[in-house]
1. According to a simple spin-label model (label point 7 Å from Cα along Cα-to-Cβ), what is the distance in nm between GLU164 and SER73?
2. Sort the range 77-133 into rounded, prolate or oblate with this rule: let a ≥ b ≥ c be the square roots of the eigenvalues of the Cα gyration tensor; rounded if a/c is under 1.5, and if a/c is not under 1.5, prolate when a/b is larger than b/c, oblate otherwise.
3. Give me the dipole magnitude in Debye, nearest 20, for the range 1-116 about the Cα centre, with unit charges on the beta carbon: positive for Lys and Arg, negative for Asp and Glu.
4. Pull out the extension gain between GLU143 and ASN90, defined as 0.36 nm times the separation in residues minus the alpha carbon to alpha carbon distance; nm, one decimal.
5. Applying 1/(1 + (r/R0)^6) with R0 = 22 Å to the Cβ-Cβ distance of ASP50 and ALA136, what FRET efficiency is obtained, to the nearest 0.05?
Amino acid sequence: MPPPAQTPDAIHRERLHQLAAFLRESEQILADFDAWREEHSDLDGWPLDDNEHSRHAVKRDADTWRSFNRVRSFAKELLATAEVQVQQLNPAHIQSRWPWQLGVLDYALKQLGTLQHEWLEARDALPPTARPGSFAYDDALAERNEEAWSYLDDWSSHGKALLEIQAAAQDLPPRSPALTSATTHARPAAPAAAPSSVARR
């Protein structure tokens, strides 16, 4: 007899668990890179060996992308659920930064989707000899990861808001039905300028 299907709430909780794992991993990846950079830089903060610095930056970018892959396929659904939860909460229980953070996460996710699409096109245009491990393949992949890193860092920095919203939705009563029915579920607009964090290289 097959196991019973998971409820939507159970699926959402499992996805949030995967998000929490990404948040922990990405924080450790960045901490490891920053520790190495501090140890291998001069008093003015310039790397002692540019090639080694680049190699570690490439690894940081690749590791962060790989970690986010556990979340990327359902990140849009996480955002949609959080937006509905915010709309249903009593305004007194909403953190003022949450709508902005949801906009940052939405913008970053769209940019990551664009970069992934461009990478797949670039990969398909490579010659048949350009396989993983070849310079042409690895260089194109590293370029995608480098351009993606600041958006991945946005998810690392602001993704905790999704966990906070879930906790508030579970622990606090919703706003009155009259207010809920009058509320639209429009996605918060992303800031006019790209909100990505400054790449910490």
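1. So the label points at SER73 and GLU164 sit 3.0 nm apart.
2. Details: a/c = 5.32, a/b = 4.31, b/c = 1.23.
In terms of gyration-tensor shape, prolate.
3. Values: 13 positive and 18 negative charges, 159 e Å.
With Lys and Arg at +1 and Asp and Glu at -1, about 760 debye.
4. On the way: separation 53, 0.36 × 53 = 19.08 nm, distance 4.40 nm.
Result for the pair: 14.7 nm of gain on full extension.
5. Values: r = 22 Å, r/R0 = 1.00.
E(calc), rounded to 0.05, equals 0.50.
Computed from the coordinates by the stated procedures, all read-outs in this text should not be read as laboratory data. Being a predicted model, the structure only gives us computed values, none of them experimental. Glycine gets a Cβ as well: all are built from the backbone with ideal geometry, and neighbour counts include every protein chain shown.
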